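The values are calculated or read from the model by the stated rules, or taken from the named source; none is laboratory data. Worth saying up front: this structure is predicted, and the values here are computed from it rather than measured. Ideal geometry is used to build each Cβ from the backbone, glycine not excepted, and the neighbour counts take in all protein chains shown.
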Amino acid sequence: MPQLLAIDYGTKRCGIAVTDDLQLIASGLTTVETKNLLKFLADYFKKEYVELVLIGEPKQKDGTASQSEVYIQQFIKEFERQFTQMPYKRVDERFTSKDAFQAMIDSGMSKKKRRNKALIDEISATIILQNYLYNP
């Protein structure tokens, strides 16, 4: 079975998470600088069989789009142009950064490691993917 891949998109860097081939387990893969994201995806898609890409959809508490949605839409246009055959879905990512930070605390991670924003992005992508696996 192919993998699912999730992106926690940010203007500076993006967290990436993937499933195993049976689509049972979500794991953080890496964090990529946003300017290198499309190249990273192109290289990854050449090596791995990905069935679906999940792109986080940040929303305000009231359900309206966040300010970063403008940048995500620009990314999606380029993604669609470059990867014409790759399907994607938007997934609500409200509170994933907060949940990621809490997961770091709960796991006993040191304060120094919790300041690593790249790690928070990667964990956020993993949470996006886990949420999708449990509620497709």
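The set of residues from region 64-91 being in contact (Cβ under 8 Å) with a residue 40 or more places away in the chain and of a type outside the set (Ser, Thr, Tyr) comprises 72, 75, 78, 79, 82, 83, 86, 89, 91. Scan region 122-136 for residues that are of a type in the set (S, T, N, Q) and over 8 Å from the mean Cα position of the chain (by Cα) and the total you get is 3. Scanning region 1-33 for residues that are surrounded by fewer than 17 Cβ atoms within 10 Å (Cβ to Cβ) and not small (Gly, Ala, Ser) turns up 1, 2, 11, 12, 20, 21, 22, 24, 25, 30, 33.
Tally time: how many residues in region 32-63 are in contact with a Gly (Cβ under 9 Å, 6 or more places away or on another chain) and either of a type outside the set (S, T, N, Q) or in contact (Cβ under 8 Å) with a residue 60 or more places away in the chain (or both)? Adding up the residues that qualify gives 2.
Output yes when any residue across region 115-130 is in a helix (DSSP H, G or I), at pLDDT 70 or above and over 17 Å from residue 7 (Cβ atoms), and no when none is. No: region 115-130 contains no residue that is in a helix (DSSP H, G or I), at pLDDT 70 or above and over 17 Å from residue 7 (Cβ atoms). Condition test on residue 51, is it under 22 Å from residue 130 (Cβ atoms) and surrounded by fewer than 16 Cβ atoms within 10 Å (Cβ to Cβ)? Yes, satisfied. Residue selection: residue 37 satisfies the criterion of being buried (at least 19 other Cβ atoms within 10 Å of the Cβ), farther than 24 Å from residue 134 by Cα and touching a strand residue (DSSP E or B) at 6+ places or on another chain (Cβ under 9 Å).
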